[in-house]
Amino acid sequence: MTLNLTAEKLAKVFDHAILRPDQTTEDVIKGCELAKKYDLASVCVKPCDIVQAAELLQGTDVMVGTVISFPHGNASTAAKVAESLQAIEDGAIELDVVLNIGHLKSGLYKQVEQELSEIITKSKEKKPEVSFKIIFETAYLTNEEIVKACEISQAAGAHFVKTSTGFAPAGATYEHIKLMRESVPSNMEVKASGGIKTLDQVLKFLELGATRIGSSSSDQIVDAFKNSQ
């Protein structure tokens, strides 16, 4: 990925995060304008901001993404399904779903898989082109649990596996991205997120197999790349 990398290609790996609880509708406007200016892959907004983001990004090829059961993954399956369907109705095309971390750590693998499968199946019935990223919150998991979460995500029909919400004690690490890339097939993608602020971090994550980067510093990182050329 880092071979023949251009600023345009680099911009298209970023999901620009606008997810902090204190971020306002004005922050959504600024974030969407930034995403349009740099032609990023997407914005990732809070569910309450999807309609606004979709209106702001209409007519561009910047996608609208959101988060489901964020940041802890503790909602009931019915609530996660309802939130996903509403997100699609409001204009989101990429959904980053937090898996049930406590159930995963309890060894309830079948239940975790069934929940994700139900969310994905019902959402794709509504809009077949919607894609799902499963957030593991790797800071709380062992390597064995991360591998299991990869297997579960694949079996449930997800398109991406993703490290973190950005609201746990730690975010993406090189070790975890390498492990996740090795634990999913080549047709699945890997998203690194949480604490990603520098160009050096991004280049290393891409080298290790990440295909998407979640960051609130997207513009600064792309500018740093341009300045390095």
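The values are calculated or read from the model by the stated rules, or taken from the named source; none is laboratory data. Note that the structure is predicted; figures quoted are calculated from it, not measured. All accessible areas refer to the heavy atoms of the entire protein, side chains included, with ligands and DNA or RNA removed. Shrake-Rupley method; radii C 1.70, N 1.55, O 1.52, S 1.80 Å.
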Given the conditions (1) part of a helix (DSSP H, G or I); (2) among the hydrophobic types (A, V, I, L, M, F, W, C); (3) open to solvent by less than 10 Å² (accessible area, probe 1.4 Å), report the number of the one that V190 does not fulfil.
-> (1)
Filtered residue count, segment 1-32, keeping only those that are at pLDDT 95 or above, closer than 29 Å to E207 by Cα and open to solvent by 50 Å² or more (accessible area, probe 1.4 Å) = 5
